[in-house]
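Comments concern the structure below.
The values are calculated or read from the model by the stated rules, or taken from the named source; none is laboratory data. From a predicted model like this one, the values you see are computed outputs, not experimental measurements. Here the Cβ positions follow ideal geometry from the backbone for every residue, glycine too, while neighbour counts run over all protein chains shown.
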Amino acid sequence: MHPNPAFRQTSRDDNLAFATRRGFGMLTCPGDPWPLAAHIPFVPCDGGVEFHLVRSNPICRAVPAPALLAVSGVDGYISPDWYEVPDQVPTWNYVAVHLRGRIEPAPDLRAHLERLSEAFETRLLPKPIWRLDKMGDDALARMMRAILPFRLIVEDVQGTWKLSQNKPDDVRLRAADHASPELAVLMRGD
């Protein structure tokens with residue numbers, strides 16, 4: 001996480017809300033000889049987040065394990081010219097949240113898959129929500145044999161919202177005028 005306190009003012013609850021809205025991140029844990037990583041969709045659960053991995057993923061054999069789930073949001077290059085003041089340097093603005101804790105097995109794969117599908121399908125409304133019962137029993141059984149459910153018990157939440165807050169408001173807003181629409185909204189505090 002970026003060490004500048006100007007970029008670390010977002011509350012734990014707001015960081016968790018961002019991570020939940022995003023619902024996708026990179027899970028990492030210790031491995032031998034290299035750290036292990038997986039890109040995963042996830043949903044909140046009591047005390048953390050739940051997710052699944054394909055059974056052959058090396059992380060499955062490492063559990064229980066300490067882990068970091070890095071959730072990235074909008075990001076973009078900021079040209080020093082956009083500030084319209086002298087002596088600036090290029091930078092990158094971004095939002096990132098790190099959830100740290102322990103991975104443990106989760107008890108109910110089917111219930112997890114139902115919660116995961118419901119969470120992401122509701123984002124597509126008014127489309128009818130896809131549900132597990134739309135799959136044939138044999139196909140569902142094959143799919144469920146190939147994956148394992150887990151949860152990350154979250155012990156620490158840190159966020160960086162690097163949006164040029166270390167600049168005077170007028171300077172930051174001039175740069176926002178040139179940033180991507182999504183990044184500009186955040187830089188303006190809309």
Q. So how many residues does segment 18-32 have that are hydroxyl-bearing (S, T, Y) and within 10 Å of L68 (Cα to Cα)?
A. 1
Q: Could you pull out the residue among D169, D81, D156 that is closer than 22 Å to A65 by Cβ and at pLDDT 95 or above?
A: D156
Q: Could you figure out which of (1) touching a Leu at 6+ places or on another chain (Cβ under 9 Å); (2) of a type outside the set (G, A, S); (3) part of a helix (DSSP H, G or I); (4) crowded, with 18+ Cβ neighbours inside 10 Å isn't true of L116?
A: (1)
Q. Across segment 1-56, what is the number of residues that are under 15 Å from G101 (Cα atoms), of a type in the set (D, E) and either touching a strand residue (DSSP E or B) at 6+ places or on another chain (Cβ under 8 Å) or surrounded by 14 or more Cβ atoms within 10 Å (Cβ to Cβ) (or both)?
A. 1
Q) Restricting the search to segment 126-178, which residues are within 22 Å of the chain's Cα centre (by Cα), among the hydrophobic types (A, V, I, L, M, F, W, C) and over 28 Å from C60 (Cβ atoms)? A) W161, L163
(Q) Looking only at segment 74-106, filter to residues that are touching a residue at least 40 places away in the same chain (Cβ under 8 Å) and part of a loop (DSSP other than H, G, I, E, B); which one of those is nearest to the chain's Cα centre (by Cα)? (A) A106
